[in-house]
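Worksheet: the structure to be examined is printed underneath.
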Amino acid sequence: MIEVRNLTKHYGDKKAVNDISFTVNDGEILGFLGPNGAGKSTTMNMLTGYISSTSGQALINGVDILEDPIRAKSYIGYLPEIPPLYVDMTVHSYLNFVFDLKKCKLPRRSHLKDVLTLCKIADVENRIIKNLSKGYKQRVGLAQALIGNPPVLILDEPTVGLDPKQMVEIRTLIKRLGKNHTVILSSHILSEIQAVCDRVIIINHGVVAADDTASNLSDKVTTDHRIMARIDGPRAEILQAIRGLDGIKYIRADMEREPGVYEYEIEAEPGIDIRRDINRVAREHEWDILTLRTMEMTLEDIFLKITMGENIQLNQENKKGDGK
Amino acid sequence: MGAIYRREIGAFFSSSIAYIFLAVFYIFSGLFFSLDNVAAGSTNLSGVFSTLFFISIFLIPLLTMRLFSEEKKQRTEQGLLTAPVSLTGIVLGKYFAALTMYVIAVSIIWIYGFILSIYGTVAWLTLVANYLAALLVGGAFIAIGLFVSSLTENQVAAAVGGIVCLGMIFLIDIVASFVKTGWLQSFLYDLSFYTRYYEFTCGIFNLSSVLFYISTAVLFNFFTVRVFEKRRWS
């Protein structure tokens, strides 16, 4: 379990990470999302004890990373942004070194073999790391983190440089590891987070902009009372008729998508489903509804929405929600 | 510490550094051995030992230059610093790896002693003291070189910086010989690595010098730990 309380890191005057708090439960996979320079890597580096925090606390399985770093670090397997590989060594001797470095008590030969198989690098075991492709290096980096079977895995962009097939494999692997490990995973790739993570934290400008499950997050930003409708009929009449419905907040005719057919953006009061009303009105006037869809948002839209300045508002909503 | 020590020893031999270091060390010590002892027909190895001091000034930085700078450059230090080992363990693992290389190099003098013993009488006790002195000086120099290496991520800068630092240490003597103020001169001579070393080559075993070298080594290893500590907190 990982507990982060009010973690802050200043570089001079610049606040790289500002007052971040969150908890990751056992067996949970947490996705860390954020644009470049948002503070993802800084947070991860603080969690793993590579850099210290200016203030705040990070507890790994209840052990403070600054108070008892050696014990806390022994719970963590860390894959940094750039895997810490000694490029002049063979994969085999490197992993043996990591095994010794972590003072691992597991049976050496079988454990190393397990890790090699798990990361699918058994075929390059005796090659010098320098000569491996980016994808293999990344997987050696992951193998390094897995040695000693630590209960907490912190993976900074684990699928960078992999081809699509390898990406899927690594994701499957992480998902499998997530069953009996606590995992924090950072990524730029939203579909990856959506596919792998139970929970998502969006970081922007060093603060938590959102913290929720992927589906809740999309509910929060999605408004099912917002509808896009393409209706075949006279524009002015349609606007008037729909405005006359109960609970309509706003309607706007968008572009003329097909000859004589406009697209309308309709927003009702929150919580009111007006799709049936619209249908009824259309039937009464014998207009044809060509398209009717709620404006659902993908994680991608949410991410953009949150990181493009709406983060503060959402964050406040979160805090209000927590207070209740 | 053990893992880091073993890895560094392996890295010395898998890169060319170990071979270059040992070869150059043996060439120069062998050269002075053949001039001072073989050609001159003397069994007194003091001359060889005093040249070892100069050889060390140039060669020890070669040994220590990549120990930390390369870790920083390749970003592998992140692996070390997030592993469940103490900073002291990391620094000492590297320190003793370099010291081991140096011991292998300096131990050549036993072969010289053996060669001389065939043709004459060797003052073995003096030789032991000299050997010990060479190790102590080497130990202090390696700690300094390691410290310089922890300050940069460029191997060449670490090597040049190390040579400059060790060269300045040697210059203390020359400066001291020009200083006429009595207390300042004796203070500088107290700080001098070479004067203390020279005593050993004359066969004088001075315990305070032993402590001087050991405390230098401890001090600079401590500084190296602080460098990492500081970087983490800044």
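The values are calculated or read from the model by the stated rules, or taken from the named source; none is laboratory data. Just so it is clear, the structure is predicted and the values come from calculations on it, not from any experiment. Glycine also receives a Cβ, built like all others from the backbone with ideal geometry; neighbour counts cover every protein chain displayed.
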Of those in the stretch A:98-112 that are assigned to a helix (DSSP H, G or I) and surrounded by fewer than 21 Cβ atoms within 10 Å (Cβ to Cβ), the residue nearest to the other protein chains (Cβ to nearest Cβ) is A:D100
Of the conditions (1) modelled with pLDDT of 90 or more; (2) within 17 Å of A:P151 (Cβ to Cβ), A:V124 clears all except one; give me its number. (2)
How do the pairs read when you match residues in the stretch A:6-32 that are part of a strand (DSSP E or B) with residues anywhere that are acidic (D, E) and surrounded by fewer than 23 Cβ atoms within 10 Å (Cβ to Cβ), using Cβ under 7 Å and keeping only pairs 6 or more apart or on different chains? A:N6/A:D19; A:T8/A:D19; A:F22/A:D211; A:T23/A:E3; A:I29/A:D198
Considering (1) buried (at least 17 other Cβ atoms within 10 Å of the Cβ); (2) assigned to a helix (DSSP H, G or I); (3) in contact (Cβ under 8 Å) with a residue 24 or more places away in the chain; (4) away from chain A (no Cβ under 14 Å), say which one B:F58 fails and leave the rest. (1)
Can you spot a residue in the stretch A:36-55 that is closer than 22 Å to A:I202 by Cα, free of Cβ contacts under 8 Å to residues at least 12 places away in the same chain and either within 13 Å of chain B (Cβ to nearest Cβ) or surrounded by 14 or more Cβ atoms within 10 Å (Cβ to Cβ) (or both)? no
Hey, B:F53 of a type outside the set (K, R) and within 14 Å of another protein chain (Cβ to nearest Cβ) or not: no
When the residues of the stretch B:1-38 are narrowed to those that are among the small types (G, A, S) and not in a helix (DSSP H, G or I), which ends up farthest from the other protein chains (Cβ to nearest Cβ)? B:S16
Subset of the stretch A:64-91 (residues that are under 15 Å from B:A83 (Cα atoms) and among the aliphatic types (A, V, I, L, M)): A:I65, A:L66, A:I70, A:A72, A:I76, A:L79, A:L85
Does the stretch A:198-212 contain at least one residue that is of a type outside the set (K, R), touching a residue at least 12 places away in the same chain (Cβ under 8 Å) and in a helix (DSSP H, G or I)? no
So the check is Cβ under 6 Å with 6+ separation or different chains; which pairs have a first residue in the stretch B:6-21 that's closer than 18 Å to A:I128 by Cα and of a type in the set (V, I, T) and a second one that's outside any loop (DSSP other than H, G, I, E, B) and modelled with pLDDT of 90 or more? B:I9/B:A97
Condition check for B:A133: in a helix (DSSP H, G or I), crowded, with 18+ Cβ neighbours inside 10 Å, modelled with pLDDT of 95 or more and away from chain A (no Cβ under 14 Å): no
If a residue has to be touching a residue at least 40 places away in the same chain (Cβ under 8 Å), closer than 21 Å to B:N154 by Cα and at the interface with chain A (Cβ under 7 Å from one of its Cβ atoms) to count, how many in the stretch B:69-96 make the cut? 1
Which of the residues that make up the stretch A:80-92 are at the interface with chain B (Cβ under 7 Å from one of its Cβ atoms) and more than 25 Å from A:I184 (Cα to Cα)? A:V87, A:D88
In the stretch B:148-207, which helices (runs of 4 or more DSSP H) lie fully inside it and hold 2 or more residues that are in contact (Cβ under 8 Å) with a residue 40 or more places away in the chain, out of contact with any strand residue (DSSP E or B) (no Cβ under 6 Å at 6 or more places or on another chain) and surrounded by 15 or more Cβ atoms within 10 Å (Cβ to Cβ)? B:155-178, B:193-201
Residues satisfying the stated conditions in the stretch B:78-111, i.e. under 21 Å from A:G148 (Cα atoms) and either hydroxyl-bearing (S, T, Y) or at pLDDT below 90 (or both): B:T82, B:S86
